[in-house]
Amino acid sequence: MILPQQGSLCMSSTTKAEDLLHLAALLQRHYVSTPRFNVFTVLHKPTDEVRLHSRFIAALLNPQTHELGVELLKCFIDQVRIPDFSLKGVRVVTEQQRIDILVTNTKRQAILIENKLFAADQENQLVTYYQSLRAQGYKEVHVVFLSLDGRPPASHSLGHLEQLGTSSDMPGTYQTAAYAECLRPWLAKCVEKSVLHPSLRESIVQYHDLITQLTGQDMDTHHLDTLADTLLEGDNLLAAHDIRLAFDEALIRLQAKIWIELRETISGISAEMDQQLDSQHSTCGNVQEQCRVFMQSYKRRSPNRETVGLYYKLPHLQNAFIAAEAEINSIYLGIKCSNESTEYKPLCQLLDKEGAMASRNHLWPGYAYIPQDLNLRNPSIQSLRTLTDDAQLKSYVQAMADEMLRLWHLSSGLKIEGYGY
């Protein structure tokens, strides 16, 4: 297909912004392609930090799991700029001492990689890991906080580690790294290195595709070039500025639509559960404005970020809720209850007994990203298709409501003896 010239693409509209939107829509339809088969998304959820991302990244770093030896590890060390790290006697493990990825060598150097997509930071998490490795005799420990968007760790997790390398008492380095700016270029180098090893190369290419989608950069290169060249013509860039602002506002309104429809759906299928809605903490009333504050707090990377979500108090319990909550780039749901509450452990035991909700942290006895991952802050093409298609969005909301109701039935009868409830 040969694209017409720009002038013939633009409809007889009254504003430059409308012309640009029309052009972008035509280009999107032209360059849209059938999604590639991806073994990672078939076997795992795209945001599975432990079983997908940490394990595969560690496998590439580990010289004993592929034909390229230390080459891919060396590329990673160069990418994150860790100085003078010896490759002699390198060992790469996952989930050892609860560290996501740990790289060590015979010179007693260590690289500690904390891999965060959506999970919350634990109290003193990075500090504890660092101190534990130092106590084991590692002479220097390099801390890499890897996240989807390059966000820094919470201060209660990082502690004094920002000062790593500033004194002899704190040997090592500390840095944040983003999937888009760190992993993608590293994976591109890995593809180049593995050109003579087809099975390894194809695995890396598929993982690179997944990272590209997760970071919202899944636009065809020719598509991107055409749009960029068009924006540089005349005063198109001024119109694009307005479109960008309107795009952010549209995402806020779409998120508000999700919370409104989720609440209405739950109300329609369970009046009993609806009566337990905690209106004080839930996103009610001016939903759109609450979503706007939430999105802006993340954009500013404010340490005291707002939350949006729906919280249904469990009968017979004081501090536990069936909840759906937006966090960073997705919506996750489950049972919310702080581990400081006496109700936390019984809820964990109940979920373990029923085989429900394998993921947990100090605020959630069980949670999951279901029924699919939907990036609200930096949406991929697939996320946008879901958000803007009424049928898909209703299906997404219905699946969330069904899962929340299932958890409600599972745990609403729980009574904890001896706690006076």
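Can you find a residue that is over 27 Å from Arg98 (Cα atoms), among the charged types (D, E, K, R), at pLDDT below 90 and open to solvent by 60 Å² or more (accessible area, probe 1.4 Å) anywhere in the stretch 400-410? No, that holds for no residue. Specify which of the listed residues (Ala256, Ala240) is modelled with pLDDT under 80, open to solvent by less than 40 Å² (accessible area, probe 1.4 Å), of a type outside the set (Val, Ile, Thr) and more than 19 Å from the chain's Cα centre (by Cα). Sole residue among the options that is modelled with pLDDT under 80, open to solvent by less than 40 Å² (accessible area, probe 1.4 Å), of a type outside the set (Val, Ile, Thr) and more than 19 Å from the chain's Cα centre (by Cα): Ala240. Looking at the stretch 259-274, which of the residues that are of a type in the set (A, V, I, L, M, F, W, C) and surrounded by fewer than 18 Cβ atoms within 10 Å (Cβ to Cβ) is nearest to Asp390 (Cα to Cα)? Among those residues, the one meeting the criterion is Ile260.
Name the single residue that is nearest to Phe85 (Cα to Cα) among those in the stretch 120-145 being aliphatic (A, V, I, L, M) and in contact with a helix residue (DSSP H, G or I) (Cβ under 7 Å, 6 or more places away or on another chain). Once the filter is applied, the top-ranked residue is Val141. Among residues of the stretch 167-194 that are in contact (Cβ under 8 Å) with a residue 40 or more places away in the chain, those with a Cβ under 9 angstrom from a residue that is of a type in the set (Lys, Arg) and crowded, with 17+ Cβ neighbours inside 10 Å, sequence gap 6+ or separate chain, pair up as Gly172/Arg134.
Would it be correct to say that Ala326 is surrounded by 20 or more Cβ atoms within 10 Å (Cβ to Cβ), within 23 Å of the chain's Cα centre (by Cα) and either closer than 26 Å to Leu117 by Cα or at pLDDT below 80 (or both)? So Ala326 fits the description; yes. Counting only helices (runs of 4 or more DSSP H) that sit wholly inside the stretch 235-354, those with at least 1 residues that are within 24 Å of Arg377 (Cβ to Cβ) and in contact with a Ser or Thr (Cβ under 8 Å, 6 or more places away or on another chain) are 236-269, 287-299. Among residues of the stretch 59-92 being open to solvent by 30 Å² or more (accessible area, probe 1.4 Å) and not in a loop (DSSP other than H, G, I, E, B), the one that is farthest from Lys189 (Cα to Cα) is Arg91.
The values are calculated or read from the model by the stated rules, or taken from the named source; none is laboratory data. Predicted model, so just to flag it, every value in this text is computed and none were measured. FYI the Cβ positions are ideal-geometry reconstructions off the backbone, even for glycines, and counts take in every protein chain you see. Just so you know, the surface numbers come from the protein's heavy atoms only, side chains and all, with ligands and any DNA or RNA stripped out. Shrake-Rupley method; radii C 1.70, N 1.55, O 1.52, S 1.80 Å.
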